[in-house]
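Chemist: Quick one: the structure is below, questions incoming.
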Amino acid sequence: MSLMPGTDCLIIGYNDYPLEALAAKARPARGRSGDYAEIARNSYLVGGRRIDFCGLLNAEAKRVLGIDPAFNAFELPSLGAHYLANFLSGRGFSTEVINLFNNEKGRLDELLAAGPRAVAVTTTYYVTPEPVQEVVGYVRDRCPSAVVVLGGPFVFHLAEDLTPAELDIMFRRLGADVLVHDSQGEATLARVVAALRDGGDLSVIPNLVYRDGGRLVRTTRAVESNPLAENAVDWSRFPRDRVTPVTFVRTSRSCPFSCAFCSYPAMGGKYQVAAVEPVLRELRQLRDMGTQYVVFTDDTFNVPPTRFKALLRGMIADKLDLRWVSFFRCSHADAECFELMEQSGCMAAYLGIESGDEGVLKAMNKYATADQYRAGLRQLHDHGILSFGSFITGHPGETRASVSNTVDFIEETAPTFFNVQMFFLDPTAPINAQREAFGLTGAQYRWKHRTMGWEEASALTDYTLRAVTKSIQLPLYGFSIWSVPYLLTRGFSLADVVAFASAAQRVMLRGLGDEEGDYGPERAAIEQVLRGWDARRGGSREVLP
Ligand code: SF4
């Protein structure tokens, strides 16, 4: 894997773009759409700037301890970037990975100076073009000869949703050479890299958008279906330091459900699950390489339950001694599932509950009832497993009464952590087929239906955040399902994470009206957490965990 001049493909993972830059763009339009309010609910207003969860932790560490620990949960090895590198390496291409753009610019400069043929930029977590533009501009400045290829969900949505004229404008804005139009895209990327290396013709490769002179060319579509089992990441291909104590594992592709608000199953294609033995093999390898926490990234890890149970039994029989977190469907779990989860090391489950109201759950096509979630949360807590409940306000069918039911549900069931987002009208989600039935108009965070408009939903989302007292809000920015294990490996205790998140929630609430409040009490609570953390690590100014 060492860099030779002419490395076939350099893969660039996540760019943690400054939240304040996105907020500044959304702020002027706050009366016309819910974008800014959604950022405000998921960030902290400090020193006149919006910062995210890790940003608040870092800012407070600077204030209290005089050090910048530069915490960023995205420094964990990106599964997407390493999956692509694994896929290409397995087909004979030389590859390099930049995991987190922000933290690895020195190494990136060296790699670009050596002149890679292709630079592939992943777009998994982006909803705006700015982070992509920044990475592409950086690469262009340092290596004009490299062919920049963009792929991943953000690009897939552009290619699916935009008109030819809109796509042309966006293509110019992004500044790349080639877009991969496929929800998987790894086989297409391999063909592009082969064409660059061997002098092939892009026009015969399906699933591409590129410019030929002044013309934007779209090649034919041929939906990829890459078998999961054959392409599992072989972590031994990578330098040892790429396997950290927290590692991501994927055991399925797509989702077997079709929630009305979600376009993921349509994008991801047919639901595929890996067999139990290859997953256990991967887990054994990771454990032997130093992994302590596994983040299963599957959207519905416990479906089908028979495979889920077999996998957990295997983890127990193998004495893997790993702690793990995953997304979880309460509607597909019995008492044995929870028992096996505890025994196999599950520490947290992320539940897409969405609503505590039966009517709204039906309108969402969730195939789950509030009672199933009630029972599931009780079981998780009884087994010592942390829960994270995610909710939506304003879905078609929502009323003030149903929002009130959701607040009551959260208070009654008390998930350890929760988040509530305003309904986002995705133009490719199944709900669009029912626009007439719900009187639904608009798009994204600006919409209206028969029983609610985005303004009211936004106000009710704020109301929910203020009304919940028995669960701690965790924001969407700077925090993800893998953040708890990440912080544990950085020297925090679970009690620290809870205490910090609880103080951070109050900072968030004070900033909802966009007026910076007096954070005195919250800062005192955060200071206590940080001083405890600092004392445990010996108060060193030099070495951070
Ligand atoms: S919200 Fe989750 S369960 Fe529902 S369709 Fe999307 S990925 Fe599947």
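Chemist: Tell me, in nm to one decimal, what length is gained between LEU162 and SER203 on full extension, where the rule is 0.36 nm per residue of separation less the Cα-Cα distance?
Modeler: Length difference between fully extended and current span is 12.7 nm.
Chemist: Hey, another quick one. If contacts are Cα pairs under 8 angstrom and at least 6 residues apart, what is the relative contact order of the chain in percent?
Modeler: Once normalised by length, the contact order is 15 percent.
Chemist: What 222 nm value per residue comes from the helices of the chain, counting each DSSP H run with n ≥ 4 as -39,500 (n - 2.57) and dividing by all residues, nearest 500 deg cm²/dmol?
Modeler: Rounded to the nearest 500, the figure is -12500 deg cm²/dmol.
Chemist: Please report THR406, THR297 as a ranked list, fewest other C-beta atoms within 10 angstrom at the top and most at the bottom.
Modeler: Neighbour counts put them in this order, fewest first: THR297, THR406.
Chemist: Pull up the DSSP beta bridges for segment 387-473 and report the antiparallel fraction as a percent, rounded to 5.
Modeler: DSSP beta bridges in segment 387-473 are roughly 45 percent antiparallel.
Chemist: For ILE67, put the label point 7 Å out on the Cα→Cβ axis and report which residues of segment 491-514 keep their amide N under 16 Å from it.
Modeler: Residues 491-493 fall inside that zone.
Chemist: Work out, step by step, the length gained on full extension between ARG221 and THR489: first 0.36 nm times the residue separation, then minus their alpha carbon distance; give nm to one decimal.
Modeler: 92.1 nm
Chemist: Provide ILE385, ILE205, ILE316 in ascending order of the number of other Cβ atoms located within 10 Å of each residue's Cβ, fewest first.
Modeler: Going from least to most buried by this count: ILE316, ILE385, ILE205.
Chemist: Relative to the Cα centre, what is the charge dipole magnitude of segment 210-315, using +1 at the beta carbon of each Lys and Arg, -1 at the beta carbon of each Asp and Glu, and rounding to the nearest 20 debye?
Modeler: 120 debye
Chemist: A further question on this structure: Once the piece of chain linking ASP334 and ALA467 is laid out straight, how much longer is it, given 0.36 nm per residue of separation minus the C-alpha distance between them?
Modeler: 44.7 nm
Chemist: Starting with the fewest neighbours, write out MET364, MET289 ranked by other beta-carbon atoms found within 10 Å of each beta-carbon.
Modeler: Ascending Cβ contact count within 10 Å gives the list MET289, MET364.
Chemist: What is the distance in Å between the Cα centres of segment 217-252 and segment 64-93?
Modeler: Computed from Cα coordinates, the inter-centre distance equals 13 Å.
Chemist: Can you list the residues of segment 342-378 with backbone N under 12 Å from a point 7 Å past the Cα of ARG537, pointing along Cα to Cβ?
Modeler: none
Chemist: Here is a follow-up. Choose one of HIS383, PHE296, TYR373: the residue whose Cα lies farthest towards the positive end of the charge dipole of segment 287-386 (beta-carbon charges +1 Lys, Arg; -1 Asp, Glu; about the Cα centre).
Modeler: PHE296
Chemist: Another question, if that's okay. Give the total of Lys-Lys pairs in the chain with Cα-Cα distances below 27 Å; include a pair only if its members are 8 or more places apart or on different chains.
Modeler: 12
Chemist: Right, something else. Rounded to the nearest 0.05, what FRET efficiency is calculated for LYS362 and ARG140 with R0 set to 45 Å and r the Cβ-Cβ distance?
Modeler: Computed FRET efficiency for LYS362 and ARG140: 0.35.
Chemist: Note down the magnitude of the dipole of the chain about its Cα centre, charges +1 on Lys and Arg C-beta and -1 on Asp and Glu C-beta and zero elsewhere, to the nearest 20 debye.
Modeler: The calculation lands at about 320 debye.
Chemist: Based on Cβ point charges of +1 for Lys and Arg and -1 for Asp and Glu, what charge dipole magnitude is obtained for segment 80-200 about its Cα centre, in debye rounded to the nearest 20?
Modeler: 340 debye
Any read-out appearing in this document is the output of simple, stated calculations on the displayed coordinates, not a laboratory observation. This structure is a prediction, so every number in the text was calculated from the model and none was measured. Here the Cβ is made from the backbone with ideal geometry for all residues, glycine too, and neighbour counts use every protein chain on show.
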